[in-house]
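Nothing in this text is a laboratory measurement; each read-out follows from the coordinates by a stated rule. What you see is a predicted model, and the numbers here were worked out from it, not measured in a lab. Using ideal geometry, Cβ is built from the backbone for each residue, glycine included, and neighbour counts are taken over all protein chains shown.
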Amino acid sequence: MTFLELAEHVLMEEAKPLTANEIWNIALKKGYEKKLNSTGKTPWATLGAQMYVSSRDNPKSKFVRTDTRPKKFYLKSMEGKIDLNDKSIPDDMPSPLRTKINFLEKDLHKVLTHYASYHLHCYTKTINHSSSSKKEFGEWVHPDMVGCQFAMEDWKKEVYDFSGALGVRAIDLFSFELKRELNFGNLRESFFQCVSNSSWANNAYLVAARLSENEDFFDELSRLATSFGIGVIELDVEDPHSSEIVIPARYRKNLDWEAINKLAMNSDFKDFIETVKVDLTSKKIHKKEYNPIEDWENMKKNQ
């Protein structure tokens, strides 16, 4: 049984929208996980990632996502036959509706690392501001996290060598500014902080665990994002796979080398670019040099 077949089986039996986490817990209760053709260490994360990718990218997918938070899945074949507004939650299922979210900004780093790995195919590294040279330190210089997406990870050696001969870059660089919450009170300061420290990267994102639901706020956020090409990610601290790109970043083809040189005042960033260089040269990704990707159960226990 594949992960998607397992999900389809559970959804067919339950006949109601369920989160990826709920689907996995039900599968465990019924022993369906024993039928999985997988030996991975984090099958629950794989299930969630495959369902999100399928429902988002495959027009022929059997799965549909709801617009609710958290995101829930149901089968296309059930449209018109089930209540999509069903808000009932099993007593033994963890839920953001029952859990008082109490987190610090630093707690978001592990969640973003998990999300970026599965959904952006990006290796991330936290940038510690205190590791910068005091003489060169300037306000709003450092992103909170940086990342690298390696196209070569899926390329055959011959294709990689050919791209190098043509001068085609095999990576994309990411810059992330993290906030616990975005609202009218901190929007402009947070946004321009992100603009200031992300000009060096191909993709820049302002990331927050909570976004104001005020309509005027979202209009202003959209205006700023469109003007400067900054993307916005709403991070779900209860389920990283329910996080979503609210506004896509505008891709920058050219890197800002002066900004990269300035950022190199920071030892963490210097280590990051050195690691990326080594990975490209050796054609091997040294995963231990980036933020560790924790499994879902450990993340839940440590919150």
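For chymotrypsin sites (Phe, Trp or Tyr not before Pro), the sites in the stretch 147-244 that DSSP calls loop and that have at most 12 other Cβ atoms within 10 Å are 184. Counting only aspartates and glutamates at least 8 places from residue 76 when in the same chain, those with an alpha carbon closer than 19 Å to its own are 5, 8, 13, 14, 22, 57, 67, 86.
For residue 29 and residue 5, the FRET efficiency from 1/(1 + (r/R0)^6), where r spans their Cβ atoms and R0 equals 22 Å, is about 0.80. Here 105, 213 are placed in order of increasing Cβ neighbour count within 10 Å, fewest first, which gives 213, 105. Peptides 7-16, 239-248 ranked from most to least packed by the mean count of surrounding Cβ atoms within 10 Å: 239-248, 7-16. Each 10 Å bin from zero up to the one holding the largest Cα-Cα distance in the stretch 105-302 carries the following percent of pairs: 9, 35, 36, 17, 3, 0. Looking at the stretch 105-302 alone, DSSP beta bridges between its own residues are antiparallel in about 55 percent of cases.
The calculated FRET efficiency for residue 105 paired with residue 264, based on their beta-carbon distance and R0 = 25 Å, is about 0.55. The distance between label points at residue 228 and residue 13 comes to 5.0 nm (points 7 Å beyond Cα on the Cα→Cβ vector). Modelled spin-label separation between residue 79 and residue 282, with each label point placed 7 Å from Cα along the Cα-to-Cβ direction: 4.9 nm. A full extension of the chain between residue 214 and residue 151 corresponds to an added length of 18.9 nm, given 0.36 nm per residue minus the alpha carbon distance. Evaluated with a Cβ-only charge set (Lys, Arg +1; Asp, Glu -1), the stretch 221-303 carries a dipole of roughly 500 debye about its Cα centre, given to the nearest 20. The simple spin-label model puts a point 7 Å past each Cα toward its Cβ; for residue 166 and residue 37 those points are separated by 3.4 nm. When +1 charges are put on Lys and Arg Cβ atoms and -1 charges on Asp and Glu Cβ atoms, the dipole computed for the stretch 3-78 relative to its Cα centre reaches about 80 debye.
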